[in-house]
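Readers should treat all values here as calculations from the given coordinates under stated rules, not as data from a laboratory. Owing to the predicted nature of the structure, the values given are computational and were not obtained by experimental measurement. Cβ coordinates were reconstructed from backbone atoms using ideal geometry, including for glycine residues, and neighbour counts include every protein chain displayed.
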Amino acid sequence: MPADPNMKILVVDDMATMRRIVKNILKQLGFANVEEAENGQEGLQKLRADTFGFVVSDWNMPVMTGIDMLRAIRADDKLKTIPVLMVTAEAQQANLVEAIQAGVSNYIVKPFTAETMQEKLGKIFK
Amino acid sequence: MQQNGQQLYEELGELARFVEKAMRTISEISAPIVSGSAGLPMASSHLVDLNKMTEEGTLEVMRLTETIQDNRGRVVKELAAVAETLKTVDCTTLSMRVQSIAADLAHDDKYLTEIMTALSFQDLVAQRVKKLVAILDDVRDKLVELVVVFGIPHDADGIAATGKTGEMLKQLEESKTTSMKQNVADDILAQYGFK
């Protein structure tokens with residue numbers, strides 16, 4: 001299913017700079033309806049309180065990590081179908097395998113380009 | 001029996017000499033250990049400051065880049081409207097030139113986005129700095145443990161880092177308060193006749 005440009009997207013990252021970068025790229029790609037959260041716990045709260053079509057999340061975050069948030073999303077009947085893209089500096093093979101097992105929709109290794117984000121979005125919403 | 005006693009006496013003597021030597025060595029290195037341990041919290045604090053400084057700088061570059069992106073977006077829209085108007089009044093050549101300018105401007109958007117993504121270096125640097133701070137804190141805890149276990153005399157509040165470490169930390173600390181703001185520099189320059 002192609003991506004709806006009006007869908008609400010949640011960007012979860014503890015670093016303000018990364019949230020802004022992802023938000024900027026999404027805007028350039030035509031997605032302007034973006035919300036932010038600083039960690040997995042805040043992300044989950046926002047996801048449960050509203051309707052989101054897509055989540056972009058970091059891995060390493062205080063309070064609740066991205067992988068724990070992903071597991072919580074997949075375990076929640078209301079949220080489990082939301083595509084989750086992980087954008088992380090955790091570039092070990094074991095991390096990627098762990099994310100796949102947890103149900104990640106795709107995985108981007110930092111640093112990344114807008115083209116990579118576009119390509120991953122294309123694959124998730126084909 | 002007497003031979004065993006003699007052997008035990010010699011071994012105890014050797015052990016006593018070993019303990020004495022070890023205590024002497026610990027005593028010699030105790031000052032650098034205490035001093036080094038005292039400088040570590042300050043070093044951690046400077047690393048945390050470093051993270052803040054790079055984050056602030058990066059966010060400012062992002063703000064300016066986004067402003068340029070927005071301005072260009074508006075100009076491209078305006079140019080498209082102008083090109084359309086020119087087409088309706090049969091100024092096809094002019095309309096095509098305006099469209100070409102709009103396309104050139106739109107092409108630069110790619111570079112502006114690349115500036116934004118290149119700034120992700122700050123996130124990677126910050127993550128490494130956080131790990132370094134955690135390592136420094138861990139090393140400090142272990143040094144403090146060593147100081148306590150071996151009863152090395154120290155004054156937790158009064159001690160300061162010495163040697164090269166102490167000097168560098170002093171310079172870093174001073175730079176926080178003695179760095180001159182431009183307006184102060186301008187005032188001084190003005191007093192010396194610089195206009």
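Here are a few things to note about the model shown:
- Radius of gyration over Kirkwood radius for the stretch B:41-160, both on Cα atoms: the Rg/Rh ratio is 1.44.
- P(r) for the stretch B:15-105, from all Cα pairs and a bin width of 5 Å, is 3, 11, 9, 8, 7, 6, 6, 5, 5, 5, 5, 4, 4, 4, 4, 4, 3, 3, 2, 1, 1, 0 %, short bins first.
- Positive-end residue, the stretch A:8-90 charge dipole about Cα centroid, Cβ charges, pick of A:I67, A:A37, A:T51: A:T51
- In order through the stretch B:145-150: 3J(HN,Hα) via Karplus (6.51 cos²θ - 1.76 cosθ + 1.60), integer Hz, x for Gly, Pro: 4, 4, 4, 5, 4, 8
- Charged-residue dipole, Cβ positions (Lys, Arg, Asp, Glu), the stretch A:9-124 about Cα centre, Debye nearest 20: 280
- Computing FRET efficiency as 1/(1 + (r/R0)^6) for B:R63 and A:K80, where r is the C-beta to C-beta distance and R0 is 51 Å, gives about 0.85.
- Cα centroid separation, the stretch B:109-149 to the stretch A:34-88 (Å): 24
- Sorting A:F52, A:F112 by the number of Cβ atoms found within 10 Å of their own Cβ, with the fewest placed first, yields A:F112, A:F52.
- Computed label-point distance, nm, for sites A:A16 and B:L132 using a 7 Å Cα→Cβ extension: 2.2
- Think of the stretch B:66-136 as a dipole: +1 on every Lys or Arg Cβ, -1 on every Asp or Glu Cβ, centred on the Cα centre; then among B:Q69, B:L119, B:C91, B:L119 lies furthest on the positive end.
- Filter on A:K23/B:K52; A:K123/B:K77; B:K87/B:K110; A:K27/A:K126 - keep pairs with C-alpha separation over 26 Å: A:K123/B:K77; B:K87/B:K110
- With both labels modelled 7 Å from their Cα along Cα-to-Cβ, the B:F150 to A:V63 distance reads 4.4 nm.
- Principal axes of the stretch B:2-47: Cα extent on each, largest first, Å: 64, 14, 8
- Extension gain (nm, one decimal) between B:L15 and B:K77, 0.36 nm per residue minus Cα-Cα: 13.6 nm
- On the principal axes of its alpha-carbon atoms, the protein assembly as shown has extents of 121, 73, 32 Å, going from largest to smallest.
- Here the simple spin-label model places points 7 Å from the Cα toward Cβ, and for B:K110 and B:N183 these points are separated by 4.5 nm.
- The P(r) of the stretch A:9-124 has a tail past 17 Å containing 49 percent of all C-alpha pairs.
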